[in-house]
Amino acid sequence: MEAYNLYRKLRERQDIEVRALSSRTNDLEGHNAVSVICPGGLGPLYFSVKVSGIIEKLVAEYRLDLIQVYGGPGGIFLFKKPKVPLIYLANHTYSQQYRFLGKNYYKTLSRLERKGYMLAEKIVAISNTTRDSLVEDYGISEERIEVITPGFDREKFKPLELQRIPSSILFVGRLCPRKGIDYLLESISIVKMEIPGIKLYIAGDGSLRKKLARTVRQNRLDSNVFFLGKISDNELVEWYNRVQVFVLPSLFEGFGIVCLEAMACGTPVIATRVPGVVDVVRDEFPNRLVPSGDPRSLTDAIIKFFKEEKLEKYRWVPPVEELEKFDWDKICERFVNIYNEILLK
């Protein structure tokens, strides 16, 4: 869930007073920053300890009626139940990370995470697959969980009258193993043999950037693969509208927001059939879902797309009725309904 957008919408309302606490400074009104030194990537754990230690002080100081916590990877482990009702938001779970990425420390983190979720009056999951993990992996009653997806700016992410680059692909995301970007580069090496003019534009940065750049050089893909780095939302909208297809080869996602943004811009999507993505993308024309971690299937889907879809005659218009549920005003209203439901008990 995009905390910033929800917080901004809640601040616009006259019937709610909201405050935010995070480890980063920003210009949001009513925000408090808690500084945390993050040795060894343990920032969320250190932040959790600090927040758990001051939670009752915050309740008293700001006379809070309820607390909303972002859990999961990058979120907070709350170790003690506060004196006011607690709502937990689950982007995806550490159990999912353990299942799809196989790192043993995710199993330990999942135990900490489960304890936090068990303290909540209500849990909001951002996708059906995240809800299923909470139920199946953590034994949480489905009645305590509500699925509310993230939203996007429909005024910004929309089709533009821009000419599409021939044989072009866009990837957007962190350059890390979970995003499967290395599988996409492997595919491009093969796709190039069938489609010499193929172009892959990579928007984002991360730990794999140097390794990926080496792979591009070693496989002589310099004229096919282009690193855009971090780009603004306005630039991103233009790129969604300039390419012919968006590709997301992730091993799993909490919610495939970038797929949603691409489709809102009228750009077809090829993605992996994994949690988070299947909540957003249907495996039907013009979009396609392929197995994760399988460069061959990804390669075949890309080649088939460019060779069989008659792109020069085809213009996809995203279905408006499917995009309306991702409106931030409607999402905000659903959260307010949860608040009222809890406080009026």
key: Summed side-chain charge close to Val320 - residues other than Val320 whose Cβ falls under 12 Å, Lys, Arg +1, Asp, Glu -1   = -1
ask   = Where Rh denotes the Kirkwood radius from the mean inverse Cα pair distance, what is Rg over Rh for segment 168-323?
value = 0.93
ask   = If we sort 88-96, 325-333 on the protection proxy, mean other Cβ atoms within 10 Å, highest first, what's the order?
value = 88-96, 325-333
message = With +1 on the Cβ of every Lys and Arg and -1 on the Cβ of every Asp and Glu, and nothing else charged, how large is the dipole of the chain about its Cα centre, in debye rounded to the nearest 20?
response = 1260
query = Which value in Å does the Kirkwood hydrodynamic radius of segment 79-225 take, with 1/r averaged over all unlike C-alpha pairs and then inverted?
reply = 18.7
request  = Please give the contour-minus-distance gain from Arg174 to Glu321: 0.36 nm per residue of separation, less the Cα-Cα distance, rounded to one decimal in nm.
outcome  = 49.9 nm
query = Say the dipole of the chain comes from +1 at the beta carbon of Lys and Arg and -1 at that of Asp and Glu; which of Val320, Ala90, Val147 then lies farthest toward its positive end?
reply = Ala90
request  = Assuming a ≥ b ≥ c are the square roots of the Cα gyration tensor eigenvalues, decide whether segment 192-233 counts as rounded (a/c under 1.5), prolate (otherwise, with a/b larger than b/c) or oblate.
outcome  = oblate
request  = Determine the distance separating the Cα centre of segment 44-69 from the Cα centre of segment 93-132; give it in Å without decimals.
outcome  = 21
request  = Would you tally the net charge around Glu113, using a Cβ to Cβ cut-off of less than 11 Å, leaving Glu113 out, and scoring K and R as +1, D and E as -1?
outcome  = +3
Percent RCO, i.e. relative contact order, over the chain, from Cα pairs under 8 Å lying at least 6 residues apart = 15
request  = Using only the alpha-carbon atoms of the chain, report the extent along each of the three principal axes, biggest first, to the nearest angstrom.
outcome  = 64, 41, 37
remark   = Computed over segment 168-323, the relative contact order (Cα-Cα under 8 Å, seq sep at least six) in percent reads 24
request  = Report, in debye and to the nearest 20, how large the dipole of segment 168-323 comes out about its Cα centre when Lys and Arg carry +1 and Asp and Glu carry -1 on their Cβ.
outcome  = 720
key: Student exercise, segment 4-156 dipole from Lys, Arg, Asp, Glu Cβ charges, in Debye to nearest 20   = 460
ask   = Got a sec to turn the phi values of segment 13-22 into Karplus ³J(HN,Hα) couplings, 6.51 cos²θ - 1.76 cosθ + 1.60 with θ = phi - 60°, whole Hz, x for Gly and Pro?
value = 7, 8, 9, 9, 10, 10, 10, 10, 10, 8
request  = Please give the net charge around Ile165, taking every other residue with its beta carbon less than 10 angstrom from that of Ile165, where Lys and Arg add +1 and Asp and Glu add -1.
outcome  = +3
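Just so you know, all these numbers are worked out from the coordinates, no wet-lab data involved. Computed from a predicted structure; not experimentally measured. Reconstructed Cβ throughout: ideal geometry from the backbone, glycine too, with neighbour counts over all protein chains shown.
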